[in-house]
1. May I ask you to list the residues in the range 51-60 that are over 27 Å from Glu81 (Cβ atoms) and surrounded by fewer than 14 Cβ atoms within 10 Å (Cβ to Cβ)?
2. Does the range 29-60 hold any residues that are in a helix (DSSP H, G or I) and not charged (D, E, K, R), and which are they?
3. For a quick check of your reading of the model, give me the residue pairs whose first member lies in the range 61-76 and is acidic (Asp, Glu), whose second is in a loop (DSSP other than H, G, I, E, B) and loosely packed, with under 15 Cβ neighbours inside 10 Å, with beta-carbon atoms closer than 8 Å and at least 6 apart or on different chains.
4. Limited to the range 26-50, what total is found for residues that are loosely packed, with under 13 Cβ neighbours inside 10 Å, within 18 Å of Ala78 (Cβ to Cβ) and at pLDDT 90 or above?
5. Somewhere in the range 11-25, is a residue within 19 Å of the chain's Cα centre (by Cα), at pLDDT below 90 and at positive phi?
Amino acid sequence: MEGYNSKSAAGLLVNAALPCKVCGSENVHKLRGEIAMRSPGLKNIDKPIVWVFPDIVVCMECGIAEFALPEAELRMLAKREVAARTQPS
């Protein structure tokens, strides 16, 4: 298998050349993702989403996927979570 390496999210190495951490399969591939993230629940449905475009390592045998959030998007999500917890219900 051809190895894929890329730097993402604060220098974390996303490496599809390594076997799956769950099932041990070597049938893993790096894919490009588009993910819309928001806090769960109907109370958050009107809150804006945060789009992230990470490299995702996917095991083609068991389906486990792994990715890291870029630092800027992680900070955005963290600020929204803190704000949501401090708002009165």
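1. Once the filter is applied, which keeps residues that are over 27 Å from Glu81 (Cβ atoms) and surrounded by fewer than 14 Cβ atoms within 10 Å (Cβ to Cβ), the range 51-60 yields only Met60.
2. Matches in the range 29-60: Leu42, Asn44.
3. Glu61/Cys23; Glu61/Ser25; Glu61/Asn27; Glu66/Lys21; Glu71/Ala10
4. Total satisfying the criteria: 1.
5. Within the range 11-25, one or more residues are within 19 Å of the chain's Cα centre (by Cα), at pLDDT below 90 and at positive phi.
The values are calculated or read from the model by the stated rules, or taken from the named source; none is laboratory data. Since the structure is predicted, the reported quantities are computational estimates derived from the model, not experimental observations. Every residue, glycine among them, receives a Cβ derived from its backbone with ideal geometry; neighbour counts consider all protein chains shown.
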